[in-house]
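The values are calculated or read from the model by the stated rules, or taken from the named source; none is laboratory data. Treat the numbers as computed from the prediction; the structure is a model and nothing was measured. Cβ: placed from backbone, ideal geometry, glycine included. Neighbour counts: every protein chain shown.
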Amino acid sequence: MELRELFTAEAVKLELEADSKDAILKELIELLGLDEKSDTILFKTLKRRENLGSTGIGKGIAIPHCRSLVVNKLCLAYGRKPGGMDFNAIDDAPVQHFFLIVAPPLEVSNQYLPVLGKIAQFAKDPDIPGRLEEISQPEEFLDLLREKAPR
Amino acid sequence: MTATSRMHPQLVLLLELQDLRSQHRELGEEEGAGEVERAHFHIDLEKARSELEDKIQELEASLNPVVRKRYQRVLPNRDRVVVPVINGVCYGCFVSIPTATVGDEGAHQELQGCENCGRFIYILS
Ligand SMILES: [Zn+2]
């Protein structure tokens, strides 16, 4: 399964508005289009994961992720915060690019970990942060995945 | 009123607990999630697991006694105490749940169990 096929244009937001860590997580969760009660549980679970150690992996990129009962399939979203914001990233640099990954506790297809690994690998490509900043339409994000994502 | 305030408060706790248990289990994996968390996110696995254990105990203690008793009765032999119901099927035992249980909107807020396996259920639309 290619990363491109796991994202939809609706789950891509190029101008995140939130300016705190909690609010960013909530804004990303909204992109998944779940119901309100699921949003609340998911927020708690993602936040618990962040408390164990930030998912900001450096170079302006964060990958909040968790398994949760509230989804029945692998769900992904991408959000961009122009100018970036503090996310306690491991290099202390502001984060502009957020990849959200949520998977059910049990998956038949076992995609969660390979996808998490592929996104981390994609994000570590030195060209990627610059290319992500040039994007002006959600479709261009999907095109970039098609071009650059590991297979 | 927010959605979670309409939801049975014990169900909210149970869902949180179940998600924490998934996290805890994964961080214990030598080659799976544990390895990914260590390699890409620099997580100290032992410390993270012990933090989660504390949180799990805290949440378990805050369950109301009746629910906690049922939770403990289900837990010893089944790692998943709360399971989703998707398309009317319990994902704990894969048996169909009567439509009366899952049918109406009000049911989504109730604390319910699967009649077949006894697990708490969470209805996913
Ligand atoms: Zn069952």
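Brief remarks follow.
- Subset tally (residues that are more than 8 Å from chain B (Cβ to nearest Cβ) and surrounded by 23 or more Cβ atoms within 10 Å (Cβ to Cβ)) for region A:39-53: 2
- In this entry, A:I101 passes the filter for residues that are at pLDDT 95 or above, in contact with a helix residue (DSSP H, G or I) (Cβ under 7 Å, 6 or more places away or on another chain) and in a strand (DSSP E or B).
- Region B:20-36 - residue that is without any contact (Cβ under 8 Å) to a residue 24 or more places away in the chain and facing chain A (nearest Cβ under 8 Å) and, of those, nearest to the chain's Cα centre (by Cα): B:S22
- Every pair of residues 6+ apart whose Cβ atoms lie under 7 Å, when the first sits in region B:65-91 and is closer than 25 Å to A:K73 by Cα while the second is polar (S, T, N, Q) and within 12 Å of the ligand (Cβ to nearest atom): B:G88/B:S96; B:V89/B:S96; B:C90/B:N116
- In a residue-by-residue description of region B:56-79, the property of being farther than 16 Å from B:L15 by Cα, assigned to a loop (DSSP other than H, G, I, E, B) and within 16 Å of the ligand (Cβ to nearest atom) applies to at least one position.
- Region B:38-62 residues that are away from chain A (no Cβ under 11 Å), paired with ones that are of a type in the set (D, E, K, R) (beta carbon under 7 Å, 6 or more apart): B:E60/B:R68
- For region A:23-38, the candidate set comprises residues that are within 14 Å of the chain's Cα centre (by Cα) and acidic (D, E); within that set, the residue that is surrounded by the fewest Cβ atoms within 10 Å (Cβ to Cβ) is A:E30.
- Residue that is farthest from A:K37 (Cα to Cα), among those in region A:55-110 that are among the hydroxyl-bearing types (S, T, Y) and away from chain B (no Cβ under 14 Å): A:S109
- Extreme residue, farthest from the ligand (Cβ to nearest atom), among residues of region B:101-125 that are away from chain A (no Cβ under 14 Å), at pLDDT 60 or above and surrounded by fewer than 14 Cβ atoms within 10 Å (Cβ to Cβ): B:E115
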